[in-house]
Amino acid sequence: MNSSKRNRIPDEVLKEIFPKKLSRSQTSDEVYTQLKTMILSGKLKKGERLTQGEIVQRFNLNWAAVGVAFSRLKKEKLIITKRRIGSFIA
């Protein structure tokens, strides 16, 4: 099995983070807060892959909002980014 698929966050967890399609105007603060809460609570587990594109597409979010949220999580060392591979829960 491909390691990127093995480490993907399960659909049920993603649905818990964003239970419904959100408006494209969802702010980066809201996206950041939801993701941080799930990381700190252990719902998102260490090593799981978190992709901006998947979150943007599945939940109809704005790319900029998700990008800013990822940057904040990276600064706080809650996620790590591996060039050309993706972002993972730290």
Exercise for the section: Quick one: what are the phi-derived ³J(HN,Hα) couplings along region 28-42, Karplus 6.51/-1.76/1.60 with θ = phi - 60°, whole Hz, x for glycine and proline? Expected result: 4, 4, 5, 5, 4, 4, 5, 5, 4, 4, 5, 5, 5, 7, x
Practice task
For residue 46 paired with residue 81, estimate the spin-label separation in nm (one decimal), with each label point 7 Å from Cα along the Cα-to-Cβ line.
Solution key: 2.3
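Laboratory data are not the source of any read-out in this text; all were calculated from the coordinates shown. What you are looking at is a predicted structure, and each value in this text was computed from that prediction instead of being measured. FYI the Cβ positions are ideal-geometry reconstructions off the backbone, even for glycines, and counts take in every protein chain you see.
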